[in-house]
Amino acid sequence: MKRIVALLLLPLCLSLTVLGADKKPKKPNIILFFVDDMGWKDPSFMGSDYHETPFLDQMAKEGMVFYNAYSSGPNCAPSRASMISGQYTPRHGKIAVWDAKRGPEDKMRLEPVPDQELSLDNYTMGEALKDGGYVTGIFGKWHIAGEASEQGFMVDQSTEPKEIKFKKTNDPKDIYKLTDEACTFMEENKDQPFFLYLPHHAVHAKWEARQEMLTYFQSKEKGKLHNNPVYAGMVKHTDESLGTVMNKVKELGIEENTIIIFTSDNGSLGKIHQDPLRGVKGMLYEGGIRVPMVVWYPSKVKAGSSSTVSVVNTDFYPTFLDLAGLKKPKDKILDGESLKALFFGEKETLKRKSIFYHYPNYLDGKNQRGGRDPYFRNRPVTVVINGDWKLLFFHEEYVLDGGFDQIDTNNMVELYNIKEDISESKNLALEHKDVRDQLLKDLQQWMDQTNARLAMKPTEENYRPSFQRGKKK
């Protein structure tokens, strides 16, 4: 009798085993929706009084908003290289777009550190996810050295800005073409984990919008903050792309196992105001690096949640590994920290204390809004953000105007409390010397660790600073 019962129970046990196997957690699909030059205040849910972003607003209601999200650089290529590599600029060397000497050379007081391309030996986010069992695809702007297919992207539909022919296609920045290709990629890979990287060319200049969209915004009452109908049209076109992607995920029935991250590569151009933020794309003031960011993951991320923790796009690499259950690559330094616990509401803080920026180069920009001088958006500078405090260290004044010995008079440092003064209008370097000096020590330690070099006199080699009186390193 026992044998008969055992035989009768065997099929049931086998079926339960199979069901158990089916319930084994699957690696989540990861979608990185990456916009070009969208400012912190551009989405309507972030405060725009003219732009319309209904799908992004919906995503914010259904997901998690990060109010203190940063790009890892003030312009395109450095930010993208840092995000894809998971590393700060001194480690990979990509510090500029095109050239480290952009602007009037007779106004450059130092020789910038030469720009480098991201090495093909740098084991990227794409390669790590591919090797971890993901189908990886890119659709849009790569803007880093080499080909995306050489850096882990199995499906490479990356394009250059010069390939866009709006007058011929009536497709602004190829938004709809790239969206359709991305949706086809999801359709073809819905039964296996995929990483979809959708870096749109929009909303970068030259601004483009279809006539019906342009007509709509031309007839709409202008806002006090935003009022450009072409730009507003392109923002809404981009929002429609996001809506199409989200709806495709739902149509395929994979929304419970798919995470979407929406963000931008840097701040906006000066013509699109981001008040109360100071500065524009290309600067390391808040207007150049603070960006919108929303995370959507219906089964894991609480709807309507938000965070004020400072996060940066170098965090995405370790975050994606963590979400996928993959180990950190051996012998690979990752400067970011996983945000998974923040996403899931398991923690409200990170271990990291500071975020750093190192841009020892010149970036042109005459009389730009919020700038430090009339000739450049960026002169050689290194920055640390620690909690409410932000310190900017300017290389020219340190190297040529007395160094640390003259710190109280040579304007080599700016210090802001960005919680109380998000507009960075009051330099507190002389009022809070204890904070200033501690942040300089932190900065020097970080520069030593990453081998970050200063811009220098043309006759001298680049070196690292020493923030001690009477000493250089």
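Numbers at a glance
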read-out: Residue among 150, 221 that alone is surrounded by fewer than 18 Cβ atoms within 10 Å (Cβ to Cβ) and either closer than 30 Å to residue 119 by Cβ or in contact with a strand residue (DSSP E or B) (Cβ under 7 Å, 6 or more places away or on another chain) (or both); value: 150
read-out: Single condition residue 379 does not satisfy, out of (1) in contact with a helix residue (DSSP H, G or I) (Cβ under 7 Å, 6 or more places away or on another chain); (2) of a type in the set (D, E, K, R); (3) closer than 24 Å to residue 67 by Cα; value: (3)
read-out: Test: residue 430 is over 16 Å from residue 284 (Cα atoms) and assigned to a loop (DSSP other than H, G, I, E, B); value: yes
read-out: Qualifying position, being in the same structural domain as residue 190 (by TED's automatic domain parsing), surrounded by fewer than 24 Cβ atoms within 10 Å (Cβ to Cβ) and within 15 Å of residue 359 (Cα to Cα), among 77, 100; value: 77
read-out: Residues of region 328-364 that turn out to be in contact with a Gly (Cβ under 9 Å, 6 or more places away or on another chain) and surrounded by fewer than 22 Cβ atoms within 10 Å (Cβ to Cβ), as a count; value: 7
read-out: Exclusive hit being under 30 Å from residue 152 (Cα atoms), at pLDDT 95 or above and touching a strand residue (DSSP E or B) at 6+ places or on another chain (Cβ under 7 Å), set 310, 241; value: 310
read-out: Residue in region 347-369 that is modelled with pLDDT of 95 or more and closer than 26 Å to residue 246 by Cα present; value: no
read-out: All strands (runs of 3 or more DSSP E) inside region 324-404 with 3 or more residues being closer than 21 Å to residue 83 by Cα; value: 354-359, 381-386
read-out: Subset of region 123-160 (residues that are part of a strand (DSSP E or B) and modelled with pLDDT under 95); value: 158, 159
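The values are calculated or read from the model by the stated rules, or taken from the named source; none is laboratory data. Note that the structure is predicted; figures quoted are calculated from it, not measured. Counting neighbours? That spans all protein chains shown, and the Cβs are built from the backbone with ideal geometry, glycine included.
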